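The values are calculated or read from the model by the stated rules, or taken from the named source; none is laboratory data. All figures in this text were calculated on a predicted structure; none of them were measured in a lab. Here the Cβ positions follow ideal geometry from the backbone for every residue, glycine too, while neighbour counts run over all protein chains shown.
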Amino acid sequence: MDIVYPALKGKTFKILIATGSHRAPMEEEYDFIVGNIYKEWKDRVHVHDAKKSECFSLGKTRHGHEIMLNKLVKEADAIIPISSIEPHYFAGYTGGRKSFMPGLAAYDCITANHRMAISHAAQTMVLKGNPVAEELDDAEKLLEKFNIFAIMTVLDGNHRVYAAAAGDLKDSFFSLLAKADEVFVVPIKRQTEIVVTVALKPNDIDLYQSQKALDNGKTALKDGGIIILVSACRNGIGSQAFLDLLSSEKTYKAVIDKLDREYKLGYHKACKMAEIGVKAQIWAVTPLDGNLISKAHMRPFNSVSDALAKALEEKGPDAKVTFIMDGGVTIPKLIA
């Protein structure tokens, strides 16, 4: 925001924070989101509430879902979405149209979209054939009627701008995908029997968000292997629906089968974890109660050294180990 400040100063504008279905920012987080000028612009900041914000119908997608967006989008003379692009574990990539859908969408709209994340085709860096990404494509096309000037970035591990593009919403997004891969994708020549994947801030806030580190780490793991999640889980489990689904069935396979019968927002995370669990063992090093971890069909450990020693005992002393030190944003990619 500091960059666009000179252009906006003296003009009538609003800042709309695209939370999607997530909570509103805490007071101390606004400076990070808006920048040093937050105190000056505080009265202009509006936080999208997926359940309460008044929305309008943008239109329907190829999947028959109606896109409902925050009415401030329709009321604006011009819209400047500012976001960063990185691989996303079921939407393909963040950024671009994702600022609007699901960023500014109604709760039921987000639920319908995220239900498609249980499809095996909904994977990181996959756009073609991915039903979630297809719906974002449709939303993007419906947004063409609005005056949008997009500012897209790719950030490095220290939140510095690695690459940037501006202009058309679609063009700015696609022009940066290769740059996002340069930052977040790590080529690997082989998979290993054991993978240790660490969730760092902000993905270590709870088990629900730490799942990203598991999903990213799975590409480095051999079938039948052991993947060890390491996370502070600062706020506990996170989504109760996520834990309820995992603990409602005796196996990961049964969890996946249950998703054909019912869905609540948050279940997609459990599905992606279950996809890993049917092919490998999932262990966890967290401060959470071991019984809770066990209910999620994960094996709890108090330390990385204990978990690794046990994994090597099970897989043999010659087993290969891959360490992913920032699993929430690091995507191993197997190359020939």
Going through region 89-121 in order, the residues found to be in a loop (DSSP other than H, G, I, E, B) and surrounded by fewer than 20 Cβ atoms within 10 Å (Cβ to Cβ) are THR94, SER119, HIS120, ALA121
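Would you say PRO287 is part of a loop (DSSP other than H, G, I, E, B) and either in contact with a His (Cβ under 9 Å, 6 or more places away or on another chain) or not assigned by TED's automatic domain parsing to the domain that holds ASP108 (or both)?
Values: part of a loop (DSSP other than H, G, I, E, B): yes; either in contact with a His (Cβ under 9 Å, 6 or more places away or on another chain) or not assigned by TED's automatic domain parsing to the domain that holds ASP108 (or both): yes.
So PRO287 passes the test.
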Given the conditions (1) surrounded by fewer than 21 Cβ atoms within 10 Å (Cβ to Cβ); (2) under 28 Å from HIS159 (Cα atoms); (3) among the polar types (S, T, N, Q), every one holds for THR124 apart from (1)
Worksheet item: Within region 176-183, is there a residue that is more than 26 Å from ASP223 (Cα to Cα), among the acidic types (Asp, Glu) and either surrounded by fewer than 18 Cβ atoms within 10 Å (Cβ to Cβ) or at pLDDT 95 or above (or both)?
Response: yes
query = Do we find that LYS333 is surrounded by fewer than 16 Cβ atoms within 10 Å (Cβ to Cβ), touching a residue at least 24 places away in the same chain (Cβ under 8 Å) and either hydrophobic (A, V, I, L, M, F, W, C) or touching a strand residue (DSSP E or B) at 6+ places or on another chain (Cβ under 8 Å) (or both) in this structure?
reply = yes
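Counting only residues that are among the hydroxyl-bearing types (Ser, Thr, Tyr), give me the strands (runs of 3 or more DSSP E) lying completely in region 122-223 with at least 1 of them. Step through it out loud before you land on a result.
Values: elements: 150-155, 161-167, 185-188, 192-198.
It comes to 150-155, 161-167, 192-198.
Restricting to region 113-129, count the residues that are out of contact with any Leu (no Cβ under 9 Å at 6 or more places or on another chain) and in contact (Cβ under 8 Å) with a residue 12 or more places away in the chain.
Keep residues of region 113-129 that are out of contact with any Leu (no Cβ under 9 Å at 6 or more places or on another chain), which gives 116-117, 119-124, 126, 128-129.
From what is left, the residues that are in contact (Cβ under 8 Å) with a residue 12 or more places away in the chain are 116-117, 119-120, 122-124, 126.
Looking only at that region, the number is 8.
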All-but-one check, LYS145 against (1) crowded, with 18+ Cβ neighbours inside 10 Å; (2) over 25 Å from LYS269 (Cα atoms); (3) not acidic (Asp, Glu), failing number (1)
Going residue by residue through region 96-117, is there one that turns out to be under 11 Å from the mean Cα position of the chain (by Cα) and aromatic (Phe, Trp, Tyr)? no
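Collect the residues in region 156-173 that are in contact (Cβ under 8 Å) with a residue 40 or more places away in the chain and farther than 27 Å from ILE228 by Cα, keeping them in residue-number order.
From region 156-173, those in contact (Cβ under 8 Å) with a residue 40 or more places away in the chain are 157, 169-170, 172-173; that's our starting set.
Once the filter is applied, which keeps residues that are in contact (Cβ under 8 Å) with a residue 40 or more places away in the chain and farther than 27 Å from ILE228 by Cα, region 156-173 yields LEU169, LYS170, SER172, PHE173.
Would you mind stating whether TYR30 is surrounded by 14 or more Cβ atoms within 10 Å (Cβ to Cβ), within 24 Å of the chain's Cα centre (by Cα) and more than 29 Å from ALA112 (Cβ to Cβ)?
Values: surrounded by 14 or more Cβ atoms within 10 Å (Cβ to Cβ): yes; within 24 Å of the chain's Cα centre (by Cα): yes; more than 29 Å from ALA112 (Cβ to Cβ): yes.
In short, yes.
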Counting only residues that are polar (S, T, N, Q) and in a loop (DSSP other than H, G, I, E, B), region 267-282 contains a total of 0
Subset of region 52-65, residues closer than 22 Å to LEU142 by Cα and either in contact (Cβ under 8 Å) with a residue 24 or more places away in the chain or not aromatic (Phe, Trp, Tyr) (or both), comes to SER53, GLU54, CYS55, SER57, LEU58, GLY59, LYS60, THR61, ARG62, HIS63, GLY64, HIS65
Scanning region 280-310 residue by residue, those surrounded by fewer than 16 Cβ atoms within 10 Å (Cβ to Cβ) and not small (Gly, Ala, Ser) turn out to be PRO287, ASP289, ASN291, LYS295, ASN302, VAL304, ASP306, LYS310
Subject >> Residue within region 181-191 that is of a type outside the set (Gly, Ala, Ser) and free of Cβ contacts under 8 Å to residues at least 60 places away in the same chain present >> reply: yes
Scanning region 230-266 residue by residue, those in a helix (DSSP H, G or I), closer than 20 Å to ASN113 by Cα, in contact (Cβ under 8 Å) with a residue 12 or more places away in the chain and over 18 Å from the mean Cα position of the chain (by Cα) turn out to be LEU245, VAL255, ILE256, LYS258
Among ILE37, ILE79, ILE33, the single one that is closer than 24 Å to LEU127 by Cβ, aliphatic (A, V, I, L, M) and either in contact (Cβ under 8 Å) with a residue 12 or more places away in the chain or in contact with a Leu (Cβ under 9 Å, 6 or more places away or on another chain) (or both) is ILE79
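Is it true that some residue in region 305-320 is touching a helix residue (DSSP H, G or I) at 6+ places or on another chain (Cβ under 8 Å) and touching a residue at least 12 places away in the same chain (Cβ under 8 Å)?
Step one: of region 305-320, the residues touching a helix residue (DSSP H, G or I) at 6+ places or on another chain (Cβ under 8 Å) are 319.
From the residues that got through so far, the ones that are touching a residue at least 12 places away in the same chain (Cβ under 8 Å) too are 319.
Yes, that holds for at least one residue.
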